[in-house]
């Protein structure tokens, strides 16, 4: 049952009856989106603001609300009352319980899904690791935001293309090759992987401070990569393979997969097209020897977008424009999302605007999904200062800490290792996706792994609690559900939270904001725990028991779906 659509139909019919032939009034399809949740429960379940009708009808909102309330006779669905300039709705509790439960249970773990995105494609550029560098906690937000958005859009029927746009181009790779050939051993690099590459890269810079001519050696080796030298390319691709091998355990722990690993190097031979097209369209100008696209006229104060440096080489923006053109032509996306920290906002605004100036109307479909930074116990992360957390270490530590907590709280649990992994990883993911993505995050172990308050373990424990109640109810099924048993305030609040979940999924997609689902699931868990403490699930009255078991099952399924959408697992025992 889509309660909002049902109310929209009632409101539309009342408007048509009260004010026939009036112009400028909302259509039925628009009314559902205008419905609000009242700030106080005593004010009803939904409210329709009549202010937007006031101008068209030349009446005061309270008069309009009173007229509509008098015209509505929908006792099976709701009661309508005028409260100020609002038309407030009090749902029929028995009917609401029946319709909501039937809808949720029929959908199962597919609740909240739709065919909204049927035939549409969303490209998601996220994680974007750098070759020959360790995967640190600073990559957590881009990785989990992108992973979650992919699941959300697929839940809504979209086809998604997950892209790990590797940072695999630049003179640093020439320097790394020189360092390897001068101080490295193939067996050591093969055995130790990225940490050994990092050691060699650091050594290069230490030696280059003593002998600046080493920078020329690094540039010479990068030139060889550009020219296709066999030895240079072999080492370059080997370093790339080692990096992907190093990150695989992290991606496996997080359940993250990609459809494409095409990075910067993939688009280097596609940048000539970008430069030539910009020249043909008279968009390139010369500024201090460099080729740029002037953007100040488009947005006051925006600096020009650099396309070619003085020496004629391309930069990030050139390659990003080439990548956008490639993705549009190969995937025909309806949206292309770039999940990158907010510090890169100017870069994205610039190259999006360049694509717009090139005459591509799909430039409007390019979206920078920005997010905040992560600190650890109040300190910003810095590789140079040694204050950095490698993501694999963070995840493994979370699993170990979760294992210790489970050992203390549930010593007889059979699958402790599996649950510890689910809880530890889930705690980190939840902490990352709990608040709005643009907010900075201060990572604190005690808060992250707490079973109380709004945390990952708390939400997972509520799911396990539902599973426990359902196990106790096994063998007691078969009785007809007494929907009147769900008329108390605690059950009704729980049903309200369930009924709002599909809207939360859609809003999360519209705003590129997985935290909306995180909050929806958390509120659902809070409502269930209140219901659980006030109402015994297994009672003698068969109809009451059937109602509470059905409600528990609906909550369990919805929590599991919500956790899946943000990249978490749902343990059945904790």
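Between residue 397 and residue 488, the modelled label-to-label distance comes to 4.4 nm, taking each label 7 Å out from Cα in the direction of the beta carbon. Across the stretch 3-91, the mean sequence separation of Cα contacts (distance under 8 Å, 6 or more residues apart), normalised by length, yields a relative contact order of 28 percent.
Need the C-alpha centroid separation for the stretch 173-248 versus the stretch 87-135, integer Å. Taking the Cα centre of each part, the stretch 173-248 and the stretch 87-135 sit 45 Å apart. Modelled label positions at residue 367 and residue 410, each set 7 Å beyond Cα in the direction of Cβ, lie 3.6 nm from each other. Stretched out straight at 0.36 nm per residue, the stretch from residue 182 to residue 231 would grow longer than its current Cα-Cα span by 16.2 nm.
Subtracting the Cα-Cα distance from 0.36 nm times the residue separation, let me have the gained length for residue 59 to residue 210 in nm, one decimal.
46.2 nm
Over the chain, dividing the summed -39,500 (n - 2.57) contributions of all DSSP H runs of at least 4 residues by the number of residues returns a 222 nm mean residue ellipticity of -18000 deg cm²/dmol.
How fast does the chain diffuse by Stokes-Einstein, in µm²/s, taking the Kirkwood radius from C-alpha pairs at 25 °C and 0.890 mPa s? It would help to have the intermediate numbers written out before the result.
Values: Rh = 27.2 Å.
It diffuses with D of about 90 µm²/s by this estimate.
Of all DSSP bridge pairs formed entirely within the chain, close to 55 percent run antiparallel.
The convex hull built on the alpha-carbon positions of the stretch 3-91 has an orientation-averaged projected area of 5.0 nm². The relative contact order of the chain, computed from alpha carbon pairs under 8 Å that lie at least 6 residues apart in sequence, is 15 percent.
At a 10 angstrom cut-off on C-beta neighbours, averaged per residue, how do the peptides 151-162, 267-278 rank from highest to lowest? Before the final figure, lay out the partial values.
Values: 151-162: 20.1, 267-278: 16.8.
For the peptides 151-162, 267-278, the packing ranking is 151-162, 267-278.
A straight line joining the Cα centroids of the stretch 518-574 and the stretch 49-77 runs 37 Å. Roughly what would the spin-label model give for residue 261 and residue 302, points 7 Å off Cα along C-beta, in nm? Reported label-point gap for residue 261 and residue 302 is 3.5 nm.
Each reported figure results from applying straightforward, stated rules to the coordinates on display, with no laboratory input. Quick caveat, the model's predicted, so the values are computed rather than measured. Note: ideal-geometry Cβ built from the backbone for every residue, glycine included; neighbour counts use all protein chains shown.
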